Amino acid sequence: MKSALATRLFERLRSRQATVGVVGLGYVGLPLAVEFAHGGLTAVGIDLDARKVAAVGRGESYIPDVPSSDVAPLVSAGRLRATTDFAVVRELDTVNICVPTPLRKTKDPDMSYIVSAVEAIAEYLHPGMLIVLESTTYPGTTEEVVQPLLERGGLKAGRDFFLAFSPERVDPGNGTYTTRNVPKVVGGMTPDCAELAGELYLSAVETVVPVSSPRVAEMVKLLENTFRAVNIGLVNEIALMCDKLGIDVWEVIDAAKTKPFGFMPFYPGPGLGGHCIPIDPFYLSWKAKQNGFEARFIELAGQVNGSMPHFVVDKIGEALNGARKSINGSRVLVVGIAYKRDIDDIRESPALDVMAVLHEKGARVSYSDPFVPTLSARGWPGGYELHSTPLDPSTLASFDCVAILTDHRSVDYKIIVSAAPLIVDTRNTIKNSHPHVFRLGAPRPAGADVLEIADGVPAGTTY
Ligand SMILES: NC(=O)c1ccc[n+]([C@@H]2O[C@H](COP(=O)([O-])OP(=O)(O)OC[C@H]3O[C@@H](n4cnc5c(N)ncnc54)[C@H](O)[C@@H]3O)[C@@H](O)[C@H]2O)c1
């Protein structure tokens, strides 16, 4: 039996009369606010970044997966707006919190964004509201951190207002799975909390998966991301082994994935990137440690994945060595600095680590990335601004080595193969064997030992 407050909010959500808030209009928050508005609710975004708020006000999107043509009509129709002022919470029926959850340098969770957002919401919290935390975090956050801050004003969670956790599963750049068609796991503090959060999401997503508590929902997200981090760590270690054994790891994976059950392919690369996989498992290991438990798989995967940028630099050194050159003084072009294919996000990108180590060793580092026109002086440890280098034959020929770190689909790899003197390919982008192409996790290229690379590529090289 729902309480009167719960029944009222339920009806407002079901009849689409509710006004819903989203705090943090980034990669997660903006698509969610847009889907709420598409679902017939009135959505209000709250962000401290005045530029994002102004962009929404103009009907413009700054997130590649959300076209401006989706935002503009919703803004004109009054279904979507944004503000920097938390006072708007007074008018809201619900608030979803989608603020960052980074790690401190010590690899401890940085809860400051959640705490500051929740404190700002608490000032305007009113009876009958639903608050849902979406930021990825350690199990227990909703009840141990968010609930006490919201209850400071005297309202009680589960009785006067409703509280839930629902992890975000957005996969930037994935055209098949979007906010709407990825099932949403929801854990409420009480049955009313769960039902209301489920009803809110059914306006924006096709499937809601209820679980018994916020703590379970928090753990679901960390299992998903730890699963990826550990499997990527495993395949990276297999790649390091294959490299030593002279076996092509890419061929091994391609053959292994023909097994129709019990195997799922993961691929090696220059290391982990993005705001989730390199970070979230450490939220879990931190919490486990607080309770006297050592999360060994997470730590080990972190070590293997964290060593990959150094391995890539070693590979570049090996390739240059064959051409009687050293990293020190060589011109190295890094192709692809976003953390994954076809997106513009460079957060935690392993390419930045590779560039940093190359720079430290005295290389003259440049980059090319169609999604990242400029890399600010503060954006990488080199300490000076870089601009994306055009990939034309004469520019490519002027580098000593080209390292492919992210395999954006729009890059012309044929030009790279035919014009770059030496290539280190960490993504298996270049399929055919060439004496000047060194692949991560694969045997040394045939003919590399006799390669004379004085002026560009050996004659007769084809892609
Ligand atoms: N990006 C992803 O692919 C992804 C996927 C799943 C889960 N997540 C999780 O979702 C959460 C948000 O990630 P994101 O990628 O959208 O981050 P983001 O950096 O793109 O966006 C966060 C937004 O929050 C705003 N913000 C910060 N503090 C604020 C405050 N106190 N009040 C109002 N706004 C504030 C920032 O200005 C920014 O616009 C994180 O916990 C992340 O781990 C992200």
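Brief remarks follow.
- Qualifying residue in the stretch 394-413 (condition: touching a His at 6+ places or on another chain (Cβ under 7 Å), assigned to a loop (DSSP other than H, G, I, E, B) and either within 23 Å of His310 (Cα to Cα) or not charged (D, E, K, R) (or both)): no
- Pairs meeting the criteria (first residue in the stretch 89-100 and on the phi > 0 side of the Ramachandran plot and touching a residue at least 40 places away in the same chain (Cβ under 8 Å), second residue assigned to a strand (DSSP E or B) and near the ligand (Cβ under 8 Å from one of its atoms), beta carbons under 8 Å, at least 6 apart or on different chains) are lacking.
- Counted as qualifying within the stretch 145-246 are the helices (runs of 4 or more DSSP H) with 3 or more residues that are surrounded by 22 or more Cβ atoms within 10 Å (Cβ to Cβ) and in contact (Cβ under 8 Å) with a residue 40 or more places away in the chain, namely 191-201, 214-245.
- Applying the condition of being over 22 Å from the mean Cα position of the chain (by Cα) and in a helix (DSSP H, G or I) to the stretch 116-136 and asking which residue is farthest from the ligand (Cβ to nearest atom) yields Ala122.
- In the stretch 347-386, residue farthest from Ile416 (Cα to Cα) [restricted to those that are touching a strand residue (DSSP E or B) at 6+ places or on another chain (Cβ under 6 Å) and in a helix (DSSP H, G or I)]: His359
- Tally, over the stretch 63-74, of residues that are assigned to a loop (DSSP other than H, G, I, E, B) and surrounded by fewer than 16 Cβ atoms within 10 Å (Cβ to Cβ): 2
- Residue in the stretch 263-270 that is farther than 20 Å from Leu358 by Cβ, within 16 Å of the ligand (Cβ to nearest atom) and among the hydroxyl-bearing types (Ser, Thr, Tyr) present: no
- Hey, Val230 within 12 Å of the ligand (Cβ to nearest atom), under 18 Å from Pro278 (Cα atoms), out of contact with any Lys or Arg (no Cβ under 9 Å at 6 or more places or on another chain) and hydrophobic (A, V, I, L, M, F, W, C) or not: no
- Test set (1) modelled with pLDDT under 65; (2) crowded, with 18+ Cβ neighbours inside 10 Å; (3) among the polar types (S, T, N, Q) - Thr429 fails condition number: (1)
- Residue, farthest from the chain's Cα centre (by Cα), within the stretch 57-98, restricted to residues that are within 16 Å of the ligand (Cβ to nearest atom) and of a type in the set (Asp, Glu): Asp85
- Selection from the stretch 1-28 of residues that are among the small types (Gly, Ala, Ser) and not in a strand (DSSP E or B): Ser3, Ala4, Ala6, Ser15, Ala18, Gly24, Gly26
- Near pairs, Cβ below 8 angstrom, 6+ apart or cross-chain, from the stretch 38-63 (under 23 Å from Val205 (Cβ atoms)) to any residue that is more than 15 Å from the ligand (Cβ to nearest atom) and polar (S, T, N, Q): Gly39/Ser203; Gly40/Ser203; Leu41/Thr19; Leu41/Ser203; Thr42/Thr19; Ala43/Thr19; Val44/Thr19; Ser61/Ser68
- Applying the criterion of being β-branched (Val, Ile, Thr) and crowded, with 24+ Cβ neighbours inside 10 Å to the residues of the stretch 328-363, the residue that is nearest to the ligand (Cβ to nearest atom) is Ile337.
- Among the residues making up the stretch 36-55, those that are out of contact with any Phe, Trp or Tyr (no Cβ under 9 Å at 6 or more places or on another chain) and either over 16 Å from Val132 (Cβ atoms) or within 14 Å of the ligand (Cβ to nearest atom) (or both) are Ala37, His38, Gly40, Val44, Gly45, Asp47, Leu48, Asp49, Ala50, Val53, Ala54.
- For the stretch 102-117, filtered to residues that are in contact with an Asp or Glu (Cβ under 7 Å, 6 or more places away or on another chain) and in contact (Cβ under 8 Å) with a residue 60 or more places away in the chain, the residue that is surrounded by the most Cβ atoms within 10 Å (Cβ to Cβ) is Leu103.
- Output for the stretch 248-277, where each listed residue is out of contact with any helix residue (DSSP H, G or I) (no Cβ under 8 Å at 6 or more places or on another chain) and modelled with pLDDT of 95 or more: Trp250, Glu251, Asp254, Ala255, Ala256, Lys257, Thr258, Lys259, Pro260, Phe261, Gly262
- Test result for Pro270, buried (at least 19 other Cβ atoms within 10 Å of the Cβ) and not in a loop (DSSP other than H, G, I, E, B): no
- Test: residue in the stretch 142-164 that is within 12 Å of the ligand (Cβ to nearest atom) and in contact with a helix residue (DSSP H, G or I) (Cβ under 8 Å, 6 or more places away or on another chain): no
The values are calculated or read from the model by the stated rules, or taken from the named source; none is laboratory data. Just so it is clear, the structure is predicted and the values come from calculations on it, not from any experiment. Here Cβ is always computed from backbone atoms with ideal geometry, including for glycine, and neighbour counts include all displayed protein chains.
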